[in-house]
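Input: a single structure, listed below in structure tokens.
The values are calculated or read from the model by the stated rules, or taken from the named source; none is laboratory data. Predicted, not measured: the structure shown is a model, and the values here were computed from it. Counting neighbours? That spans all protein chains shown, and the Cβs are built from the backbone with ideal geometry, glycine included.
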Amino acid sequence: MKYFVTGGAGFIGSTMVDKLFEDKDAEVTVFDNFCSGQMTYIDKHLENKKFKLVKGDLLNLPLLKESIKNHDFVYHFAANPDIAKAMVETDLDLRLGVIATYNLVEAMRVNNLNKIVYTSGSGVYGDVGYTETAEDFGPLLPSSMYGASKLGAEGIISAFCHMFEMQAWIFRFANVVGRNQTHGVAYDFIRKLKENPNKLLILGDGTQSKSYVHVDDVIAAVQLVLEKSKNKVNVYNVASGDYITVKEIADIVTKEMGLSNVKYEYSGGDRGWKGDVPIVRFNLDKIHILGWKAKYSSKDSVVFSTREMLGIKNMENSAHILK
Ligand SMILES: NC(=O)c1ccc[n+]([C@@H]2O[C@H](COP(=O)([O-])OP(=O)(O)OC[C@H]3O[C@@H](n4cnc5c(N)ncnc54)[C@H](O)[C@@H]3O)[C@@H](O)[C@H]2O)c1
């Protein structure tokens, strides 16, 4: 099997590349522009003859068409990582989410590739408070450019599937955490506390409540769905099934960093930034019925990933102490 992985130098993409190489016959091409991806996440594969790296941008359609030739399966992870940036660059997600995805499926079409995994997110559901959104929830009214670009990309992929005999697996992830994270709330707190261990600025009022899922759980979910769900377009929510607040994450991070008496300051308001969705609730019946359940709770996922980012070993034990 020859895999083409966009965004394969990023957080989730690089974890998937490692997983794909557990199959000794796998060949993997990573296509990445390194806007947030890191060479250190993939450099262990550089000597492997079955690994190829293309440094390129999905907006470069000729390069994409050339690079994707002779592959069997596409994983599409590349996207704009900075959700709030759309406030000052309103076409960012349109280009890096929608146009980039169109380019990818068009490059697949002209090269007769027909299978794609796409990583969407809860942003497609919009700001619907405590409503538990199932995959058939509607109307879908995103409240950020990022969410809109995820929905737009889902639509384009679905249309290509119906018009050009492709098959897609679309995953709407909760907040994914783990080693190799390139952004996210705990990542941001660690960075800030390393700069100033006495004070922590928390965006919003700290009560934002969401699901956090560990990247290892996410990879297991993708693998199980690929094995068991064979429709033309397969859409699945992936989340841990429970929720924690931003303030609780601040408490975990300060504790894991061994800090005490950190003064929390809040930027105020009920959300972190314009377009942020403060309360996210998933309905997970569809993927649970298929046979996948997250191994780790939101809290465990945040504890583990904080420890991974801090380079602390022995994660299982510490999480049980925290419970
Ligand atoms: N991390 C999460 O919590 C989360 C949640 C839901 C959905 N997702 C989606 O999963 C995917 C992967 O997320 P991640 O957290 O690993 O992000 P990431 O930023 O770590 O990885 C994205 C990768 O894509 C690359 N990239 C971006 N734009 C590109 C372009 N135009 N051309 C080529 N490469 C480009 C970046 O350099 C990076 O390596 C994204 O589509 C993201 O929207 C992530």
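Between G37, G97, the distinction of being under 14 Å from G10 (Cα atoms), near the ligand (Cβ under 9 Å from one of its atoms) and not polar (S, T, N, Q) belongs to G37 only.
In the set (1) surrounded by fewer than 17 Cβ atoms within 10 Å (Cβ to Cβ); (2) over 21 Å from the mean Cα position of the chain (by Cα), M108 fails one condition alone, (1).
For A107, the test of being touching a Lys or Arg at 6+ places or on another chain (Cβ under 6 Å), in the same structural domain as A148 (by TED's automatic domain parsing) and either assigned to a strand (DSSP E or B) or modelled with pLDDT of 95 or more (or both) is passed. A single member of A168, A153, A186 is crowded, with 17+ Cβ neighbours inside 10 Å, under 30 Å from G291 (Cα atoms) and outside the structural domain of S229 (by TED's automatic domain parsing), and it is A186. Checked against the criterion of being away from the ligand (no atom under 11 Å from the Cβ) and either in a helix (DSSP H, G or I) or in contact with a Gly (Cβ under 9 Å, 6 or more places away or on another chain) (or both), the candidates K52, K65 yield just one match: K65. The selection criterion, being within 14 Å of the ligand (Cβ to nearest atom), assigned by TED's automatic domain parsing to the domain that holds K232 and crowded, with 21+ Cβ neighbours inside 10 Å, holds for G123. Taking the stretch 8-37 as the range and being touching a strand residue (DSSP E or B) at 6+ places or on another chain (Cβ under 6 Å) and assigned to a loop (DSSP other than H, G, I, E, B) as the test, the residues that pass are G8, A9. Taken together, T101, T40 contain a single residue that is surrounded by fewer than 17 Cβ atoms within 10 Å (Cβ to Cβ) and not in a strand (DSSP E or B), which is T40.
Could you tell me which residue of the stretch 68-87 is modelled with the lowest pLDDT, considering only residues that are buried (at least 19 other Cβ atoms within 10 Å of the Cβ) and over 22 Å from K19 (Cα atoms)? Filtering first and then ranking leaves I83. Might you check whether a residue that is within 20 Å of K150 (Cα to Cα) and in contact (Cβ under 8 Å) with a residue 60 or more places away in the chain occurs anywhere in the stretch 38-55? The answer is no, given that none of the residues of the stretch 38-55 is within 20 Å of K150 (Cα to Cα) and in contact (Cβ under 8 Å) with a residue 60 or more places away in the chain. Inspection of the stretch 28-40 identifies no residue that is closer than 14 Å to M1 by Cβ, among the acidic types (D, E) and assigned by TED's automatic domain parsing to the domain that holds A79.
Yes/no matrix, rows are residues, columns are (1) assigned to a strand (DSSP E or B); (2) touching a residue at least 40 places away in the same chain (Cβ under 8 Å); (3) not assigned by TED's automatic domain parsing to the domain that holds S305:
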| site | (1), (2), (3) |
| --- | --- |
| R191 | no, no, no |
| P197 | no, yes, no |
| L200 | yes, yes, no |
| G204 | no, yes, no |
| D216 | no, yes, yes |
| A221 | no, yes, yes |
| V225 | no, yes, yes |
| N234 | yes, yes, yes |
